[in-house]
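Data block below; observations after.
Quick note: the coordinates plus some simple rules give every number you see, no bench work behind them. The structure presented is a predicted model; accordingly, all values stated were derived computationally and were not measured. Here the Cβ positions follow ideal geometry from the backbone for every residue, glycine too, while neighbour counts run over all protein chains shown.
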Amino acid sequence: MRKKNRKQIFEHIEVLDAGAKGKTVAKAPDGRVIFISNAVPGDIVDIETTKKRKAYFEGIATRFHKKSEKRTLPICEHFGNCGGCKWQHMQYEHQLFYKQKEVENNLMRLGGLELPKPRPILGSRKQYFYRNKMEFSFSDSRWLTLEEIKSDQPIGDKNALGFHIPGMWDKILDIKKCHLQEDPSNAIRLEVKSFAEANQLTFFNLRGQSGLLRTMMIRTASTGEIMVIIQFYEDLQQERELLLEHLKTKFPEITSLQYIINQKQNDSIYDQEVVCYHGRDHIFEEMEGLRFKINAKSFYQTNSEQAYELYKIVRDFAGLTGNETVYDLYTGTGTIAQFVAKKAKKVVGIESVPEAIEDAKNNATQNKITNAVFAVGDMKNVFTDQFINLHGTPDVIITDPPRVGMHKLVVEQLLKVAPDKIVYVSCNSATQARDLGMMKEKYNVIESQAVDMFPQTHHVENVVLLTKRKP
Ligand SMILES: C[S@@+](CC[C@H](N)C(=O)[O-])C[C@H]1O[C@@H](n2cnc3c(N)ncnc32)[C@H](O)[C@@H]1O
């Protein structure tokens with residue numbers, strides 16, 4: 001073994017902090033930071049290192065001398081194996097504390113920003129069963145626990161319908177109950193698995209690329225509508241219809257039952273034809289009287305209830321009076337644009353995914369919104385002087401970029417256009433801090449509000465209101 005990676009044990013170390021990509025943080029005796037994957041701040045532990053770098057270690061707690069008072073018992077039997085809810089062992093109020101701290105640290109340290117008195121983070125009313133979309137994978141060689149491997153009992157059921165083990169593309173954890181999506185999500189998944197096994201329908205072999213059943217997506221909308229999409233690898237009509245017909249009969253509440261036959265290497269559905277087997281090819285989400293049509297490929301915020309809270313903060317920060325031209329950059333299916341349209345003179349949404357813009361236009365028509373226009377393309381190519389000449393100078397710009405943040409050219413264009421107000425929504429406060437850092441000569445941070453969309457995980461959304469400095 002190379003010296004660099006030789007394991008070290010640090011004893012009786014207090015875990016100090018949490019945040020960094022969901023890991024907790026301690027200090028090694030030499031002062032280097034240790035990122036730990038299975039501890040809670042306040043624990044006193046022995047740590048075995050798994051990685052050594054110049055500035056830090058990574059490790060796991062192997063012995064707990066004292067368990068933190070911030071701990072709580074995880075409610076899910078899959079905790080520790082599943083990558084989904086890594087903070088389930090920390091009480092929710094402490095999850096919120098560390099999320100807020102991470103956002104503030106990033107804005108101040110990475111962005112070098114002066115912050116106003118921070119608003120307390122907005123927690124999610126639902127701490128479990130808050131997701132409206134889940135994607136499960138089938139596998140014919142499920143991930144086995146250490147106990148199963150060590151046990152001399154023969155392994156009965158080798159199939160899995162569940163989630164990828166973090167960092168292992170070919171290992172699927174069979175899920176008995178997931179606490180992220182409300183029922184009938186669990187009931188549908190369990191039924192699909194048992195029916196498929198009873199009828200010898202084969203589960204996908206990820207290494208060999210064979211088998212019938214590949215993935216399943218379930219969407220549950222706030223309107224009560226349910227979409228199920230099964231992705232098959234092999235094109236076997238009889239077997240496929242056997243399963244779909246069974247689902248249709250067993251769960252009449254499914255309003256959209258669809259399938260895909262995908263024989264590509266990867267299981268992304270975005271370039272695939274989706275066939276509607278039963279019901280409609282879409283479901284509807286509803287927010288404040290607005291209806292959003294969601295098809296198999298549409299993006300919609302996954303915590304619907306908290307998305308509403310987020311959008312209200314955005315609208316509040318934008319402070320519209322009805323006379324403003326508002327740009328909604330990275331508009332997705334135009335949800336924020338439509339949400340603020342009633343309070344604006346005009347809204348302009350820009351987004352790179354053509355299907356999302358199609359949805360945005362159709363939804364705006366259905367919602368009788370006549371003051372919204374939508375444009376498709378890469379932001380740095382679309383959001384130009386020419387575009388602004390055509391659509392009007394924005395008074396307020398709302399921007400909600402993906403995790404990587406905004407392209408430098410987009411930030412430069414924002415500075416050039418220089419609207420009075422910018423509302424920046426972000427799911428990654430590190431890239432948000434970087435972008436805001438580039439804008440601090442021209443803009444002040446007036447408000448910063450973290451919003452928790454994903455309880456039990458380290459992810460956090462943050463909304464910042466910027467106003468232009470007076471010359
Ligand atoms: C965080 S989502 C925002 C979605 C939307 N605001 C909402 O609340 O539903 C970011 C959006 O940016 C789009 N996007 C990513 N890169 C882009 C680019 N270079 N130009 C334009 N849009 C982009 C993505 O397709 C995605 O819809």
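For the reader, a short list of remarks on this structure follows.
- Placing unit charges on each Cβ (+1 for Lys and Arg, -1 for Asp and Glu) gives the chain a dipole about its Cα centre, and among ILE175, PHE292, TYR443 the Cα reaching farthest toward its positive end belongs to TYR443.
- Across the range 56-72, the residues whose backbone nitrogen lies under 15 Å from the label position 7 Å along the beta-carbon direction of TYR92 are 72.
- Counting 0.36 nm for each residue step from LYS51 to THR145 and taking away their Cα separation leaves a gain of 31.5 nm.
- Helix-only CD estimate at 222 nm, as mean residue ellipticity for the chain, using -39500 (n - 2.57) per DSSP H run (n ≥ 4): -7000 deg cm²/dmol
- Dipole check for the chain: with +1 at the C-beta of Lys and Arg, -1 at the C-beta of Asp and Glu, and the Cα centre as origin, the magnitude is about 1820 Debye.
- Residues in the range 436-471 that a label on ARG119 would reach, taking backbone N under 18 Å of a point 7 Å out along Cα→Cβ: 444-454, 460-468
- Label point of ASN371 set 7 angstrom out along Cα-Cβ; within the range 380-411, amide nitrogens under 18 Å from it belong to 391-398.
- Which listed pairs, of LYS51/LYS133; LYS361/LYS442; LYS250/LYS293; LYS99/LYS361, have C-alpha distances above 31 Å, in listed order: LYS51/LYS133; LYS361/LYS442; LYS99/LYS361
- When all alpha carbon pairs of the range 3-71 are counted in 10 Å bins from zero, the resulting P(r) reads 24, 59, 16, 1 %.
- Segment GLU288..ASP385, full-extension length gain: 31.5 nm, with 0.36 nm per residue of separation and the alpha-carbon distance subtracted.
- Restricting the calculation to Cα atoms, the chain shows an Rg/Rh of 0.99 when the hydrodynamic-style radius is the Kirkwood one.
- Less than 5 angstrom separates the built amide H of HIS278 from those of LEU257, all sequence-distant by 5 or more or on a different chain.
- Beta bridges per DSSP with both ends in the chain, % antiparallel, nearest 5: 65
- Cα centre as origin, Lys/Arg/Asp/Glu Cβ charges: the range 3-71 dipole, Debye: 440
- In sequence order, the range 191-204 has phi-based couplings of 5, 4, 5, 5, 5, 4, 5, 5, 10, 6, 7, 7, 8, 5 Hz under the Karplus curve 6.51 cos²θ - 1.76 cosθ + 1.60, θ = phi - 60°, and Gly or Pro positions carry x.
- Look at the dipole of the chain built from charges on Cβ: of ALA318, GLY208, SER37, the Cα furthest out on the positive end belongs to SER37.
- Within the range 286-344, GluC sites (Glu not before Pro) in DSSP loop having at most 16 other beta-carbon neighbours inside 10 Å: GLU288
- Rough spin-label spacing in nm, given labels placed 7 Å along Cα→Cβ, for GLU58 and ALA198: 4.3
- Charge dipole (the chain, unit charges on Cβ, about Cα centre) - positive-most of TYR308, VAL274, ALA55: ALA55
- Cα-centred dipole magnitude for the range 133-282, charges only on beta-carbon of K, R (+1) and D, E (-1), debye, nearest 20: 220
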